[in-house]
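The values are calculated or read from the model by the stated rules, or taken from the named source; none is laboratory data. Predicted, not measured: the structure shown is a model, and the values here were computed from it. FYI the Cβ positions are ideal-geometry reconstructions off the backbone, even for glycines, and counts take in every protein chain you see. Quick note on the areas: whole protein, heavy atoms, side chains included, nothing else; ligands and nucleic acids left out. Shrake-Rupley method; radii C 1.70, N 1.55, O 1.52, S 1.80 Å.
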Amino acid sequence: MKKTLLLLLLSAGFLTASSQNIPLVNGWKFKTGDSAQWAAPAYNDQGWQPISILHSWESQGHDKYDGFGWYRLHVPIPSALKNKAFFKDSIRFEMGYGDDGYDVYLNGKLIGRNNNGDIKTGYYGLCKVVVAANTPAILWDKENVIAVRIFDSGGKGGIYGDKDMFKMSMLDVMDNVYFNTDDDFTYGEKNGLSKSMKISTGSNYNYKGKLDFKVTDPETNAVIYQKTNDADFSAGRPFTYTFSIAALEQKSYVITYTFTDEKSGEKLVKTENTPYVLTPYVSSKPKINGPDVYGVRPGNAFLYKIPATGVKPLSYKADNLPAGLILDPATGIITGSVAQKGDYPVLISVHNRLGTASKKFTIKIGDVIGLTPALGWNSWNAFGLSVNDAKVRVAAKTIADKLSAHGWAYVNIDDGWEAPQRAATGEIVANEKFPDMKSLSDYVHSLGLKFGIYSSPGPRTCGGYLGSYQHEEQDAKTYGDWGIDYLKYDWCSYGEIAPSQPSLDDYKKPYQVMRAALDKVNRDIMFSFCQYGMGDSWNWAGEVGGNSWRTTGDINDSWGSMSGIGFHQEAEAPHARPGHFNDPDMLVVGKVGWGDAQHNTKLTPDEQYTHISLWSLLASPLLIGCDLGHLDRFTLNLLTNDEVIAINQDDLGKEAVQVLKKDGYLVYVKELQDGGKAVGIFNVSDKYQTITINWSELGITGITKVRDVWRQKYLITDNKAFKTSVPSHGVVLVKVSK
Ligand code: GAL
């Protein structure tokens, strides 16, 4: 089973406390199978396989193994660990991620598990256990045996993660202290910023000490601001710190918050990077955005809202619309249907009191839809299974008000909408969180937007809701009746139907079945495969009728996840083409959370510029994954840069390729319809870098114009080389043309 619900949502990496750790990295032994005796300390595990916890069991000789496996480690627990701690009550064992369900034993006693008694329903998540320091299970200053029993189905299997995720430590003074930096920044003059942050605790201890606030320029390493304040807080009485930083340059600075508790001497540190907005203000003059082409099948319902910016009121016009279509001049929404196949060139114009803008636009009535990657929103990364009708309406309204002018159109519900039982007739019904799916769909369409939904080919979805297995035709018909425009189709629990070692045909089968079902519905429904790239889906998903297909497992809001996915799409790239795109998963900018609570993405502002630039270069569907009810200025800047979006929406439909891989930086080039090229220069190192690129290294010759797309400015450069300064984990994205 694949799952991300229990993702590491604590600020690991950004938050460091100073208490002592004992590593649990070396010496693990492993065996597949299951036996109650393997928990016992005296059990002889000498013959077991030595295993590294940096990687899954599948990558260590157990390829495709699903089922039970046990890990054992013999380790002394020194009483010095307890003696050196300020709080001496509890000890914590951390063992990376468990993939999936796990039970943890200490000297034969069960001390923790990630499920309610049924290990097979456990989800992939942190493998972490806290026990009282006085539990008789611990043998202080003696050898102890930690045994982890894991059950995996479909995933990579085992306990694994970074080295520093394997350790034992006492729960100490700073373990229950939280820095909350989720409030938005307020933007002042000359790029000045201000904000409030809070420190709170759940522990009974009274914290009293100093909060040190420091701002560093990562380009020069100069400390540009520093201040130390008294700070005290206790349970229910947080400490709030409000600050302003004046006159900043247009780059991201590092804020370091350090709280030092006087009595214990313990410290807690958190860093945060300041946002900076690159996208220029939208002009008041009319401008038409969005793709140059739009595909619809003959006779099927047509719905397209012309994306345009400019001071309101705007009025819209379209010359040469094919018979069957009408344009609402006040909203820019085109509806109707066209019976005859063909390419219909249309001239669309938008007018306001400051002038008129026009653009050539081709309506392609034919067999291929989704000619450019889908632009929209999906509920999963924001709300997980807690999605409901109200949250979807907020997203739809925000897209209509703030984003549709830039081309954003899809409003997609992910898992969590399905009722526990089908109707007596076998039809799928929505649960109580979605009282009337048809009326929600009508609302989304009334805004000129498209409406998407999610299902799985197995009996159950990944979230444990009803899947479409053996009801595919019925479900496709229901989607048609509801007015669905986009179906994300997962894999979860289909593993129970497919053979344990699926062949290529087995991988294709559920998608062929649903494809055939969708084809019986007279409606354009974008078909998005979500099977994580199994069977190298990019080689066949287009032919099977997918408009997009996931190429990886689930993304999360960390640099490791985003960059690990985004910079490894080489084999997939040649398969992107109009109507069929690789999908490296949804966006993790803005406020994400996969559930009830949302937090600011843990990607730094520069990492977020990288994310949007890279996904645009990769011609990936862009599905916003944040709570659109709380859209801050920085996130809006990321999502409304028309020149960046145009790279993604280019009608040539090509995906960028990695043309340079150097120590610390990567260069991607995407061919564009107009003969120009989009070039992304990504600094993957930990420091600012000045990077010089010879155009010839990229196979680019004779260019005369270089435009910084984020800043929307032409740059002065010679036609041989390009020199630019790129922040750590950041990007410079340019368009070059002759
Ligand atoms: C996962 C999928 C996620 C989300 C989730 C729903 O398999 O990759 O994007 O759809 O299922 O349960």
Over the alpha-carbon set of the range 682-738, work out the extent along each principal axis and list the three values in angstrom, largest first. 33, 24, 15
When the gyration tensor of the range 287-365 is built from Cα positions, what are the square roots of 5 times its three eigenvalues, in whole Å, from largest to smallest? 23, 12, 10
Using a 1.4 Å probe and counting only protein heavy atoms, arrange Arg422, Arg72, Arg460 so the residue with the most accessible area comes first. Arg460, Arg422, Arg72
I'm a student and want to see the number: the projected area of the Cα convex hull of the range 375-648, averaged over all directions, in nm². 13.3 nm²
Put +1 on the Cβ of each Lys and Arg and -1 on the Cβ of each Asp and Glu in the range 247-389; which of Pro329, Asn378, Ile255 then has its Cα farthest toward the positive end of the dipole? Pro329
On the protein heavy atoms, probe 1.4 angstrom, tell me the percent of accessible surface of the chain carried by carbon and sulfur. 51 percent
Hey, could you grab the Kirkwood Rh for the range 364-418? Inverse mean 1/r over distinct alpha carbon pairs, Å, one decimal. 12.4 Å
I'm a student and want to see the number: the projected area of the Cα convex hull of the range 642-738, averaged over all directions, in nm². 5.6 nm²
Which cysteines does the chain leave without a neighbouring Cys Cβ under 4.7 Å? Cys127, Cys530, Cys626
Please provide three numbers in whole Å: the alpha-carbon extents of the range 516-608 along the principal axes, with the largest listed first. 43, 32, 21
Please calculate how many Å² of accessible area the range 657-737 carries per residue, with a 1.4 Å probe and no DNA, RNA or ligand atoms counted. 47 Å²
Starting from the range 510-590, pick out the GluC sites (Glu not before Pro) whose DSSP state is loop and whose Cβ has at most 11 other Cβ atoms within 10 Å. Glu543, Glu570
D for the range 176-273, whole µm²/s, Stokes-Einstein with Kirkwood Rh over alpha-carbon pairs at 10 °C and 1.306 mPa s: what number? 112 µm²/s
What does the convex hull of the Cα atoms of the range 240-390 come to per residue, in Å³, rounded to a whole number? 229 Å³
Equivalent ellipsoid, the chain (semi-axes from 5 times Cα gyration tensor eigenvalues, Å): 45, 34, 24
Please identify which residues in the range 90-108 have an amide N closer than 13 Å to a label point set 7 Å out from the Cα of Thr135, following the Cα→Cβ vector. 90-94, 103-108
Residues in the range 377-421 near a label at Val429, defined as backbone nitrogen under 18 Å from the 7 Å Cα→Cβ point? 389, 416-421
Percentage of interatomic Cα-Cα distances in the range 152-225 larger than 15 Å: 77 percent
Using alpha carbon positions and the Kirkwood radius, the Rg to Rh ratio of the range 459-593 is 0.96
For Leu321, what accessible area in Å² do you get when you roll a 1.4 Å probe over the heavy atoms of the protein chains, rounding to the nearest 10? 40 Å²
Taking only protein heavy atoms and a 1.4 Å probe, what accessible area per residue, in Å², does the range 375-648 have with all protein chains in place? 29 Å²
How large is log10 of I(q)/I(0) for the range 230-319 at q = 0.12, 0.13, 0.14, 0.25 Å⁻¹ when the intensity is taken from the Debye formula with one equal scatterer per alpha-carbon? -0.71, -0.75, -0.78, -1.32
Please determine, in degrees from 0 to 90 and to the nearest 10, the orientation of helix 437-446 with respect to the longest principal axis defined by the Cα atoms of the chain, where the helix direction is its Cα long axis. 50 degrees
For Lys210, counting only lysines whose alpha-carbon sits under 18 Å away and dropping same-chain residues fewer than eight positions off, the answer is Lys198, Lys227, Lys263, Lys267, Lys270
Restricting things to Cα coordinates, could you compute the convex hull volume per residue of the range 317-449 in Å³? 148 Å³
Accessible area of Asp519 in the full protein assembly, 1.4 Å probe (Å², nearest 10): 90 Å²
Point-to-point label distance, Asp164-Ser737, nm (Cα→Cβ direction, 7 Å offset): 4.6 nm
For the chain, the longest principal axis of the Cα atoms and the Cα long axis of helix 389-398 enclose an angle in degrees, to the nearest 10, of 50 degrees
How large is the accessible surface per residue of the range 176-273, computed with a 1.4 Å probe and reported in Å² as a whole number? 50 Å²
Amide H neighbours of Trp28 at under 5 Å, excluding residues fewer than 5 places away on the same chain, with H built from the backbone geometry, are Ile51
Cβ under 13 Å from Thr356's Cβ, Thr356 left aside: what net charge do those residues give with Lys, Arg +1 and Asp, Glu -1? +4
Taking Cα atoms, how many degrees apart are the long axis of helix 472-482 and the longest axis of the chain, rounded to 10 and kept between 0 and 90? 60 degrees
List the residues, sorted by chain then number, that are 5 or more residues from Leu371 or on another chain and whose placed amide H is less than 5 Å from its amide H. Gly295, Gly579
List the equivalent ellipsoid semi-axes of the range 19-171 in whole Å, largest first, each obtained as the square root of 5λ for an eigenvalue λ of the Cα gyration tensor. 25, 15, 15
CD proxy at 222 nm, helix term only [per DSSP H run n ≥ 4: -39500 (n - 2.57); per residue of the chain; nearest 500]: -3500 deg cm²/dmol
Can you report the principal axis dimensions of the range 223-282 using only the alpha carbons, biggest first, rounded to whole angstrom? 51, 27, 16
Computed on alpha carbon atoms, what radius of gyration and Dmax characterise the range 110-198, expressed in Å? 20.3, 62
